[in-house]
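Got a structure here, written out as structure tokens. Questions coming.
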Amino acid sequence: MSERSQDQIIKELFSGFSKLTRNERFDRLMKMGVITPDDVKVLKSQTKPEVALSEKFIENVIGYYQMPLGVAANFVINKKSYAIPMAVEETSIIAAASKTAKWIRDNGEITTGSIGDVIIGQIQIAKVSDFETFKSKILENKQGLIDRANSEPAANLVKRGGGVRDIEVRKIRRPDEYEMAVVHVYMDPCEAMGANLVNQVVEFLKPFIELCTGETVTMCILSNLVDSKITIAKVTVRGVESALVDKIVEASIFAEEDPYRAATNNKGVLNGIDPILIATGNDWRAVEAGVHSYAARDGQYRSVTKWRQVNGDLVGIFEAPIMVGVVGGVTKLHPLSQLSLRMLGVETSSELAGICAAAGLVQNLGAIKALTTVGIIEGHMRLHIQNLSIGAGASELEMPLMQKKLEEILSLKSRITLSNAKEILSDLRRQAKQKLSSTLKQKKEEGVEQNGV
Ligand code: MEV
């Protein structure tokens, strides 16, 4: 089967995906070849919390917190089709991602890449006697330190093509008369996220650094600002109306220049990233820290996405570190992480990082397109109607009428709340009760007439 026809099949299988029942979605995903009948069994058994599983991850366990797991449809990244698993509680994220990905799939493309492949471990010397002497001693012993780390804690990594690559020394300003030094250890973690490995390496190097410099190491830990391993995603959309391009570019400039807007813009970007990290068992706090600190790298917090018109096309770029792994940690232990990774068919951490970056950029486009056209309330609220109806306590029978009434309020006021839903529900029930009692009364009267009493 040619790649083109496989893409075509996936495109057709995603058509109308959101309207299907859960079982029909399982069938489609199996036809795409992204899940197996065994995966379906796992997914169906997820209603029962597995407390024993949580004991493997954390301490003082009292339960199991579950989150909805959905699929973002229509993503074609680097010419490969993906069904993207997303674990998330916020309404409209998956719908917006799928809708925007479809728009891009039909009118453009998504590509990804990376710059650099090493993560950073830090070794702090809080009070160094003389910074320049310390620096020259570390640089003299640099290769020896690298070799030691690569022959012990990073030995397995070296076998897989990774390991410690470089060491640098930086000076940190202190508010007093002392000098502070920090040694940066750069390590290629291969397919692991690398946090545990790099922490092992920096702790291992501590006594050797103390020995060759005569200084005291005060702490050793990885850095989440991984500016030495950056993920890039690029979206191109052709044939976009120029007025819309202008609005999206202006929204982008707003987020690039204003930290207040940048924070919300980047939250929207992470709406597309965090759910994939959670589904695949990756450390989303680490990625959040990396993305936000990278966003402030020039001293001002800015957007991690940028949209411009290039040769008549709308072009967007995402650039930030996305520190993820496809082996080790929770990715290995949690059955749903395993399932999600299988579903994505990813083999490398850079492919997974690219998918995250792409989903973040697509989510951002969906958000700013909505914000600069219909506004967030309408799009968001329409999808929210069902949740409000359930939240108010509506039964399945009451649902269609509830939704109709809430939509009417939404069109009139551009806003709906849970108290609107509760009021509508109590009105509906009161009306139903009145109708029932008048029907009963009528029936009783008819009965009386028939009996000739
Ligand atoms: C809401 O979860 C995310 C947005 O606020 C993002 C944005 O403003 O770009 C809609």
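The values are calculated or read from the model by the stated rules, or taken from the named source; none is laboratory data. Just so you know, these numbers come straight off a predicted model, no measurement behind them. Here the Cβ positions follow ideal geometry from the backbone for every residue, glycine too, while neighbour counts run over all protein chains shown.
Would you check if ASN364 is among the polar types (S, T, N, Q) and modelled with pLDDT of 95 or more?
Yes; evaluated as a whole, the condition is true for this residue.
Moving on. Could you check the range 11-35 and list, in sequence order, the residues that are free of Cβ contacts under 8 Å to residues at least 24 places away in the same chain and part of a loop (DSSP other than H, G, I, E, B)?
Across the range 11-35, the qualifying residues are SER15, GLY16, LEU20, THR21, GLY33.
Against the condition in the same structural domain as VAL88 (by TED's automatic domain parsing), touching a residue at least 12 places away in the same chain (Cβ under 8 Å), under 30 Å from VAL42 (Cβ atoms) and more than 16 Å from the ligand (Cβ to nearest atom), how does VAL362 come out, does it pass?
Answer is no for this residue.
Just the residues that are closer than 23 Å to LEU20 by Cα and either assigned to a loop (DSSP other than H, G, I, E, B) or in contact with a Cys (Cβ under 6 Å, 6 or more places away or on another chain) (or both), please, taken from the range 53-110.
Answer for the range 53-110, where residues must be closer than 23 Å to LEU20 by Cα and either assigned to a loop (DSSP other than H, G, I, E, B) or in contact with a Cys (Cβ under 6 Å, 6 or more places away or on another chain) (or both): GLN66, MET67, PRO68, VAL88, GLU89, GLU90, THR91, SER92.
Does ASP39 satisfy the criteria of being touching a residue at least 24 places away in the same chain (Cβ under 8 Å) and in a helix (DSSP H, G or I)? Talk me through it step by step, then tell me what you get.
Values: touching a residue at least 24 places away in the same chain (Cβ under 8 Å): yes; in a helix (DSSP H, G or I): yes.
Answer is yes for this residue.
So that you can scan it fast, the table gives a plain yes or no per residue for (1) at pLDDT below 90; (2) surrounded by 10 or more Cβ atoms within 10 Å (Cβ to Cβ); (3) touching a Gly at 6+ places or on another chain (Cβ under 9 Å):
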{"residue": "GLN403", "(1), (2), (3)": "yes, yes, no"}
{"residue": "LEU410", "(1), (2), (3)": "yes, yes, no"}
{"residue": "LYS413", "(1), (2), (3)": "yes, yes, no"}
{"residue": "ILE424", "(1), (2), (3)": "no, yes, no"}
{"residue": "ASP427", "(1), (2), (3)": "no, yes, no"}
{"residue": "LYS443", "(1), (2), (3)": "yes, yes, no"}
{"residue": "ASN451", "(1), (2), (3)": "yes, no, no"}
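For (1) over 29 Å from LEU157 (Cβ atoms); (2) surrounded by fewer than 24 Cβ atoms within 10 Å (Cβ to Cβ); (3) modelled with pLDDT under 95; (4) charged (D, E, K, R), each residue gets a yes or a no:
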| position | (1), (2), (3), (4) |
| --- | --- |
| HIS292 | no, yes, no, no |
| ALA295 | yes, yes, no, no |
| GLN300 | yes, yes, no, no |
| LYS306 | yes, yes, no, yes |
| ASP313 | yes, yes, no, yes |
| VAL326 | no, no, yes, no |
| GLY329 | no, yes, yes, no |
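Another question, then. Do we have any residue at all in the range 338-348 that's charged (D, E, K, R) and either crowded, with 21+ Cβ neighbours inside 10 Å or over 23 Å from the mean Cα position of the chain (by Cα) (or both)?
no
Can you pull out the residues in the range 305-319 that are among the polar types (S, T, N, Q) and in a strand (DSSP E or B)?
Of everything in the range 305-319, those that are among the polar types (S, T, N, Q) and in a strand (DSSP E or B) turn out to be THR305, GLN309.
Something else: What is the residue count in the range 281-304 for residues that are in a loop (DSSP other than H, G, I, E, B) and in contact with a Gly (Cβ under 9 Å, 6 or more places away or on another chain)?
Result for the range 281-304: 4.
How many of the residues in the range 256-280 are among the polar types (S, T, N, Q) and outside any helix (DSSP H, G or I)? Break it down stepwise before answering.
So the first thing to find is which residues in the range 256-280 are among the polar types (S, T, N, Q), and the list is 264-266, 271, 280.
Next, only the ones that are outside any helix (DSSP H, G or I) stay: 280.
Residues in the range 256-280 being among the polar types (S, T, N, Q) and outside any helix (DSSP H, G or I): 1 in total.
May I ask you to list the residues in the range 265-308 that are farther than 22 Å from LEU222 by Cα and among the charged types (D, E, K, R)?
LYS267, ARG302, LYS306, ARG308, listed by residue number.
State which residue is surrounded by the most Cβ atoms within 10 Å (Cβ to Cβ) when the search covers only the range 261-283 and only residues that are within 16 Å of the ligand (Cβ to nearest atom) and farther than 20 Å from SER92 by Cα.
ALA262
Here's a follow-up. Report, by residue number, each residue of the range 191-249 that is on the phi > 0 side of the Ramachandran plot and either within 24 Å of the chain's Cα centre (by Cα) or not assigned by TED's automatic domain parsing to the domain that holds THR133 (or both).
GLY194, GLY239
If you go through the range 127-135 one residue at a time, do you hit one that is crowded, with 20+ Cβ neighbours inside 10 Å, among the aromatic types (Phe, Trp, Tyr), in a helix (DSSP H, G or I) and not assigned by TED's automatic domain parsing to the domain that holds GLU347?
Yes, the range 127-135 has at least one match.
One line per residue, one yes/no per condition, for (1) of a type outside the set (Ser, Thr, Tyr); (2) at pLDDT 95 or above:
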residue	(1), (2)
THR91	no, no
GLN122	yes, yes
LEU139	yes, yes
LYS142	yes, yes
GLU168	yes, yes
VAL182	yes, yes
TYR186	no, yes
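Of the numbered conditions (1) closer than 26 Å to GLN363 by Cβ; (2) free of Cβ contacts under 8 Å to residues at least 40 places away in the same chain, LEU69 satisfies every one except a single condition; which is it?
The failed condition is (2).
Something else about it: State yes or no: is ALA357 more than 24 Å from ARG160 (Cα to Cα) and within 14 Å of the ligand (Cβ to nearest atom)? Show your work before the answer.
On the way: more than 24 Å from ARG160 (Cα to Cα): yes; within 14 Å of the ligand (Cβ to nearest atom): no.
Taking the combined requirement at face value, the residue does not satisfy it.
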